[in-house]
2 protein chains.
Amino acid sequence: MTDTAAALSAVLGAKGWLSPPDTTPYARDWLDRYGIEPLGVARPAGTQEVAEVVRICQRAGVAIVPQGGNTGLCGGAVAVMPDTVILSLSRMAAIGEPDPDSGSILVEAGAVLASLHEALEPHGLIFPLHLGAEGSARIGGLIGTNAGGSHAFRYGMMQDLVLGLEVVLPDGTVWNGLRAVQKDNAGYQLRKLFCGAEGTLGIVTRAVLKLHPAPRQRATALLALPDFAAAVAFGTELRREAGEFLSGLEFFCDAGLELALKHLPDLAFPLGARGPVYLLVELASGSPRIPLDDILSSALEHGMEQELVTDGALAMSDAQRAHFWRLREEQPEGQRLEGEQLKHDISVPPGKLAAFITAGQEICHGILPGVRINPFGHLGDGNIHYNLSPPEGRPGFDGKAGEIGRALAALATGMGGSFAAEHGLGRSKIALADDLRSAVERDLMARLKDALDPSGLMNPGVLLKAKEERKTFE
Amino acid sequence: MTDTAAALSAVLGAKGWLSPPDTTPYARDWLDRYGIEPLGVARPAGTQEVAEVVRICQRAGVAIVPQGGNTGLCGGAVAVMPDTVILSLSRMAAIGEPDPDSGSILVEAGAVLASLHEALEPHGLIFPLHLGAEGSARIGGLIGTNAGGSHAFRYGMMQDLVLGLEVVLPDGTVWNGLRAVQKDNAGYQLRKLFCGAEGTLGIVTRAVLKLHPAPRQRATALLALPDFAAAVAFGTELRREAGEFLSGLEFFCDAGLELALKHLPDLAFPLGARGPVYLLVELASGSPRIPLDDILSSALEHGMEQELVTDGALAMSDAQRAHFWRLREEQPEGQRLEGEQLKHDISVPPGKLAAFITAGQEICHGILPGVRINPFGHLGDGNIHYNLSPPEGRPGFDGKAGEIGRALAALATGMGGSFAAEHGLGRSKIALADDLRSAVERDLMARLKDALDPSGLMNPGVLLKAKEERKTFE
């Protein structure tokens, strides 16, 4: 046992310090692409213990990688260098009492998102962030990656939902920014800076989150559309006619539906005829006095008159509503069961979605003829999960994965979008960021990192190259 | 003429460089508390000219103060040291075509907020930031101060409405972050950091702003309430019953109403009886199919049954609606006409508004018996404009202004709120920030400032003390 491990073990006790082989469940990332056995896993029980861990590591020159629910897709929450400490806040998972008059709640960073959802249910309040991993993802990780999800276009991303933060800084001091107000212009917006910093500027230990009243009624429809241009046009119409209630505006295409239906035999397709493109539309309202079904039916009829929509069904029960959502949400699972796949997390201005899909297909087929393309995602904010399967009957991508990824990322960038929409950069996308973002931008980020973490021990090599590996961005 | 003035004049030409005495209109702040004659006013015509101004000043060691519409209330946009250059983007006021499918627009930072509102009108879109100074305030200043206003609790503050930015950095390089997507997690959230930085980290030259569909119907009511506790409780009920439409939730009290009625004789009070507290409630919806009037009337009836509301009137015409708003918005003018006044810009968690008002009154009357208190503001986000007039018949505050300000700021801070809710720190509140925020927080901000503006020439002495005057925050 090294001196550092001994010091951490002494501070944290048996429940708070795991050594190999007990560290194995923490060692690899979700997609099993990154991670070696760490020196150990620190599981502190409170903010002062987190601060002590950071100070011990800082003195010893030991790198710290914070890990939430370990559901990230970019390899940002595991160790890649020997003698790294993984810091897990899984023992700091307390959820406070919500304040309904202020619309806020205090939580510890280790709380699981789904547990927060459950805790709020009896209070008629929601924390409106939803994503596939919500059963495992922890608040600290969601803050670190500035998580988005299906409802972000209505309620915002994590940075829009954080009112206050407590952060253990790289030198082991504690910043108490646990305020509970939206309007706080007393200096730089530190709370926003820590959202999306991927643990490279400090460890978020507690947060005051913004809550919303729970919807008391919903209307959900599944629509078939002739093409993506129609989806964009119909999306604009829905925002105009039902903008206040629109809480889901998900798109997918027939190739993805086919993968889900093929691999998940309990799924059934509810419309009369298949269409090349589908929209899942959901309206939700706090007031029971809004004619949501009427508004949605009438938008749907209007869409059909304009030939933007070819077919559609309104969910008649909660079970049917859940089934409609599964048709969209099981697509990653359907594609995973199909075999090898390539994932891209892209955003473009929503009005450019159709243009991106057309140009992206041309690019992909030019690089690897026959590659199967499955774009799906969130039309409301132009977030496309652009996933690929190999050409029919082939096991892989013929070594073209990198070329395809770079070309799609460049296409999105040229359209005013992003090649890292909601999953962050982690380790897997820093080379893309170095290529596609200006030297000025990367230098700005490096200055921030070096100013707040001069020794570079907080999650090194994530979001930016480690200091000694950055040549220069000039 | 100094060498710097000569160099700037050569680059900018006669329209682009003003020397004294032509600089006089730019010299003093809105409240006439700060400002000396600057070396000159630079009025560049484009981003490259801005960059050239910054490079020339940087080489010469000349400080730059960016000035938007000069409507700030904290003295952050004028010169206080000799030989300072004021940088005005008033010649960079172009407003692009809105993109309705993406819900965004590109504007130059010198555009006036009201001009943007007007430009959007024919498109059925809104930029939902509204505040008293909108006829003069410019987009760059609104970004620099992270402006809030009356609709922030529904649509967000400036930082929530900025998708992309172009910024001339302190070394004269240009950061092009003009992306047009909400979801961009490729590194630190630079766009959020520049919002509210008060021009201390660079000059915002262009921005991509988020647009919303224009409301097509509104319902507005003026209510009298028995006390602030009732206002908080009724606010919670309104968020639950009409949360999606609530676009105004303003409070004021009888003392403030009286000042407005006294000094603005064309104002009339529309209710049967005066109440100690008033709420101005406005619902707005994009869909014409929502029974907004019914929803508001029914909430109002329910409030009366619960004795949260004692009287109320729904606006029956646009003229009446405008009149209701004037009763709230003319309060600063009424108070100004009454004579000497003290302004405080405070936020507390909305649920603590009543407690703040009670404790604040006790504090103020303890320090200066008889001081007249006029709290009004935005209940939705707990933002209180807590303005004072001297005791009846007295000309001033007996030298107690500072003591009152510090006590109120400490009260708000202790409640999880802020002493600088939406006006920023500027010059007038940095001492408060040094007193009331932790050394850790002020040190974090100083690190950011020094990392991005190492020579300290960008708006020195604003938001933070100038480097040489900061002893240490430890």
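Round to the nearest 0.05 the FRET efficiency obtained for A:GLU305 and B:SER19 when R0 = 51 Å and r is the Cβ-Cβ distance. The formula returns an efficiency of 0.20 here. Across the identical copies, the label point of A:ALA114 (7 Å from Cα in the Cβ direction) is separated from its matches by 5.5 nm, in order from shortest. Once each part is reduced to its C-alpha centroid, what is the distance from the stretch B:91-151 to the stretch A:268-346 in angstrom? So the two Cα centres are separated by 34 Å.
Evaluate peptide B:459-467: per residue, the Cβ atoms of other protein chains within 10 Å of its Cβ; return the mean as an integer. Walk me through the intermediate numbers first.
Values: counts 0, 0, 0, 0, 4, 2, 0, 0, 0.
Per-residue shielding by partner chains comes out at 1.
With viscosity set to 0.692 mPa s at 37 °C, what whole-number translational diffusion coefficient in µm²/s follows for the stretch B:104-213 from Stokes-Einstein and a Kirkwood radius over Cα pairs? Answer, rounded: 236 µm²/s.
Would you please report the Å³ per residue occupied by the convex hull of the alpha carbon atoms in the stretch A:257-384? Intermediate results must be reported in sequence, preceding the final value.
Numbers: hull volume 18.1 nm³, N = 128.
Taking only Cα atoms, the stretch A:257-384 has a hull volume of 141 Å³ per residue.
The coefficient of translational diffusion for the protein assembly as shown, derived via Stokes-Einstein from the alpha carbon Kirkwood radius under 20 °C and 1.002 mPa s, stands at 74 µm²/s.
With the biggest extent put first, the Cα atoms of chain B measure 71, 56, 43 Å across the principal axes.
With the simple model of a label 7 Å out from the Cα in the direction of the Cβ, B:ALA10 to A:SER298 spans 6.7 nm.
How many Cβ atoms of partner chains, on average, are near each residue of A:347-359 if near means within 10 Å of its Cβ? Let's see the in-between values first.
Numbers: counts 8, 5, 12, 8, 7, 5, 2, 1, 0, 0, 0, 0, 0.
Taking all residues of A:347-359 together, the mean is 4.
The slack between A:ARG289 and A:ASP434, meaning 0.36 nm per residue of separation minus the straight C-alpha distance, is 47.1 nm.
Please compute the length gained on full extension between A:ARG55 and A:HIS117, using 0.36 nm multiplied by the number of residues separating them and subtracting their Cα-Cα distance. Let's see the in-between values first.
On the way: separation 62, 0.36 × 62 = 22.32 nm, distance 3.38 nm.
That works out to 18.9 nm of additional length.
Distances from B:ALA313 to the same residue in each other copy, label points 7 Å out along Cα→Cβ, in nm, shortest first? For B:ALA313, the other copies' label points sit at 5.4 nm, shortest first. Any lysines with Cα under 20 Å of the A:LYS429 Cα? List them, leaving off those in the same chain fewer than 8 positions away. Reachable lysines: A:LYS343, A:LYS400, A:LYS449, A:LYS465, A:LYS467, A:LYS471, B:LYS183.
Shown for A:GLU392: label points 7 Å from Cα along the beta-carbon vector, and their distances to the equivalent points in the other copies, 9.0 nm in ascending order. Principal axis extents of the Cα atoms in the stretch B:217-328, from largest to smallest and rounded to whole angstrom, are 40, 29, 19. Distance distribution P(r), the stretch A:339-414, all Cα-Cα pairs, bin width 10 angstrom from 0: 20, 56, 22, 2 percent. Could you tell me the relative contact order of the stretch A:3-88? Use alpha-carbon pairs under 8 Å, at least six residues apart, and round to a whole percent. That works out to 35 percent. When you restrict to C-alpha pairs under 8 Å that are six or more residues apart and normalise by the size of chain A, the relative contact order lands at 14 percent. Remark: mean inter-chain Cβ contacts per residue of B:282-288 equal 4, using a 10 Å Cβ-Cβ cutoff to other protein chain atoms.
Spread over its residues, the convex hull of the C-alpha atoms of the stretch A:316-474 is 163 Å³ per residue.
Could you give the distance between the Cα centres of the stretch B:172-241 and the stretch A:402-433, to the whole Å? Here the answer is 27 Å between Cα centres.
So what's the back-of-envelope 222 nm ellipticity for the protein assembly as shown, counting only DSSP H runs of four-plus at -39500 (n - 2.57) apiece and dividing by all residues, rounded to 500?
Helix-only estimate at 222 nm: -10500 deg cm²/dmol.
With the cut-off at under 15 Å, measuring from each backbone N in the stretch A:367-383 to a point 7 Å along the Cα-to-Cβ line of A:ASP398 picks out A:367-373.
From least to most packed, judged by other beta carbons within 10 angstrom and beginning with the fewest, B:ILE404, B:ILE290 follow the order B:ILE404, B:ILE290. Taking every alpha-carbon pair within the stretch A:6-130, the share separated by more than 18 Å comes to 57 percent. Relative to the Cα centre, the charge distribution of chain B, modelled as +1 at Lys and Arg Cβ and -1 at Asp and Glu Cβ, gives a dipole magnitude of about 960 debye. Between A:ALA214 and B:SER455, the FRET efficiency estimated from the beta carbon spacing at R0 = 45 angstrom works out to 0.30.
Just so you know, all these numbers are worked out from the coordinates, no wet-lab data involved. No experiment lies behind these values; they were computed from the predicted model shown. Note: ideal-geometry Cβ built from the backbone for every residue, glycine included; neighbour counts use all protein chains shown.
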